[in-house]
Amino acid sequence: MNYQAVLEDISKAVRPLAGQGKLADYIPALANVNPDKYAVCLNSIDGHMYSVGDAGERFSLQSISKVFSLAMCLSIKGEGLWKRVGKEPSGTAFNSLVQLEAEHGLPRNPFINAGAIVLADVLLTSLADPEENFLSFVRELCGSGTVGYNLDVARSERENGYLNAAIANLLKYHKKIECDVEEVLAFYFKMCSLEMNCKELARAFLAFANHNEKFCYSGISLTSSQVKRINAVMQTCGFYDEAGEFSYLVGLPGKSGVGGGIAAIYPRRYSVAVWSPRLNSKGNSVMGMKTLELLTTETMESIF
Ligand code: GLN
C-alpha cells in the first residue's frame with residue numbers, strides 16, 4: 001500500500017474542514033495553540049514511516065496519555081484492576097459527574113476522567129517514583145528521551161480544573177481513591193500535559209498494534225492478551241460519547257485528546273497519529289476524525 005500518497009491525498013481532501021470546531025479553551029494554556037496545525041504520521045509494522053504536515057511538532061496529548069497509564073496499571077495490577085474501574089462505554093461526556101454519582105463512584109471505564117483519576121491513584125500507590133516511572137515508560141515506548149510534561153499546561157489546567165476536582169472529591173467520598181485528592185489531581189494533570197509529536201505518538205502506539213510481539217518497556221510488560229484487551233477498551237471507550245460514531249466512521253481502536261490528537265491502530269498492520277487542534281462538541285478533533293475516516297475508507301482497511 002502506498003500510504004504516503006494516500007496521506008497526501010487525504011491532507012488535501014480534509015482542507016475544506018479547516019475552520020470548523022474550536023480549541024479546548026477550558027484549559028487556558030491550550031487556547032494559545034495555533035489552530036491551523038495539521039499533521040499525520042503512519043508507522044507500519046514492517047518498519048516504514050509515512051508523514052504529512054507538522055509531524056515533528058509536539059502537542060499536548062491530554063487524554064491520549066490515559067492509554068499509557070492504563071497499560072502501566074494493567075501490568076501492575078492484572079485483572080484486579082477491573083475492581084477499581086469498569087470497562088463499559090459511558091455514553092457520557094469525558095468529564096461528566098452524573099453517571100459517577102448514580103453509580104456510587106465506580107467509574108465506567110479508564111478513559112473517562114473519573115477512571116483516569118483512579119488510574120493516577122493506582123500508580124501513585126504502586127510506584128516508587130510515579131512521575132519519573134511514567135516518563136521512562138512513555139519515553140521508551142516512543143523512542144525519544146526528550147518527551148516530557150508541559151508544566152505550564154499542567155498548572156493552567158489545575159488552576160481551572162473545577163470539574164475534575166469535583167470528580168476527584170466524589171471518588172474520595174466513595175473511597176475509590178486512596179491518596180490525597182490534591183496529590184492525585186496534580187499527577188493526573190501532569191500525565192495529561194505530556195507532549196509528543198505525531199511521529200513519536202505513532203511510534204508509541206505501534207506497540208499496541210503489534211501485539212504478537214513482546215510488550216516490555218522500562219519494566220512494564222504486558223501479555224499479548226492484555227494488549228489486545230487494551231485495544232478492545234480503546235474501541236469501545238476511546239471517544240467517550242462519540243465512541244460509536246468513531247467505530248462507525250473509522251473502524252479502528254483509537255484514543256483522542258482535547259489537544260486535538262488522535263492515535264489509532266490497525267492490529268498487526270500499522271499505528272497512526274493525527275493532530276489538528278480544532279475540536280467538535282464532543283472534544284474530538286474535527287479534521288483528525290475525518291482524516292482517519294478517509295484513511296480506512298480509501299485503503300479499504302479497517303478491523304471490520
Ligand atoms: N486533561 C483533560 C481533562 O481532564 C483531558 C480531557 C481529554 O483530553 N478528553 O479535562
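The values are calculated or read from the model by the stated rules, or taken from the named source; none is laboratory data. This one's a predicted model, so the numbers in the text were calculated from it and none came from an experiment. Virtual Cβ from ideal backbone geometry, glycine too; neighbours counted across all protein chains shown. Areas reflect the complete protein model, heavy atoms only, side chains present, ligands, DNA and RNA absent. Shrake-Rupley method; radii C 1.70, N 1.55, O 1.52, S 1.80 Å.
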Restricting to segment 17-46, what's the tally of residues that are in a loop (DSSP other than H, G, I, E, B) and over 19 Å from the mean Cα position of the chain (by Cα)?
9
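Could you list, in sequence order, all residues of segment 14-36 that are in contact (Cβ under 8 Å) with a residue 12 or more places away in the chain and out of contact with any helix residue (DSSP H, G or I) (no Cβ under 6 Å at 6 or more places or on another chain)?
Of the residues in segment 14-36, the ones in contact (Cβ under 8 Å) with a residue 12 or more places away in the chain are 14, 17-24, 26-30, 33-36.
Matches in segment 14-36: ALA18, GLY19, LYS22, TYR26, LEU30, VAL33, ASN34, PRO35, ASP36.
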Quick check on segment 185-197. Is at least one of its residues outside any helix (DSSP H, G or I), away from the ligand (no atom under 16 Å from the Cβ) and not acidic (Asp, Glu)?
yes
Just to be sure I understand, how many residues within segment 134-169 are open to solvent by 50 Å² or more (accessible area, probe 1.4 Å) and not acidic (Asp, Glu)?
10
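Out of everything in segment 48-58 that is in a strand (DSSP E or B), open to solvent by 30 Å² or more (accessible area, probe 1.4 Å) and not aromatic (Phe, Trp, Tyr), what residue ends up being nearest to the ligand (Cβ to nearest atom)?
Looking only at segment 48-58, we keep the residues that are in a strand (DSSP E or B), and these are 49-53.
Filter once more, so that each one left must be open to solvent by 30 Å² or more (accessible area, probe 1.4 Å): 49-51, 53.
Among the residues that remain, those that are also not aromatic (Phe, Trp, Tyr) are: 49, 51, 53.
On the way: MET49: 25, SER51: 23, GLY53: 21 Å.
That would be GLY53.
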Among the candidates ILE45, ILE76, which residue alone is touching a residue at least 40 places away in the same chain (Cβ under 8 Å), open to solvent by 60 Å² or more (accessible area, probe 1.4 Å) and farther than 28 Å from PRO28 by Cβ?
ILE76
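Could you please find all residues in segment 89-108 being of a type in the set (D, E, K, R) and either assigned to a helix (DSSP H, G or I) or under 17 Å from the mean Cα position of the chain (by Cα) (or both)?
Listed by number, the residues that qualify are GLU101, ARG108.
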Pick out the one residue from GLU200, GLU213 that is more than 16 Å from the ligand (Cβ to nearest atom) and either within 21 Å of ILE76 (Cα to Cα) or open to solvent by less than 10 Å² (accessible area, probe 1.4 Å) (or both).
GLU213
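Yes/no per residue for (1) within 16 Å of the ligand (Cβ to nearest atom); (2) surrounded by 18 or more Cβ atoms within 10 Å (Cβ to Cβ):
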| site | (1), (2) |
| --- | --- |
| ALA5 | no, no |
| ILE10 | no, yes |
| TYR26 | yes, no |
| ASN34 | no, no |
| LYS37 | no, no |
| SER60 | yes, yes |
| VAL67 | yes, yes |
| ALA71 | no, yes |
| THR92 | yes, no |
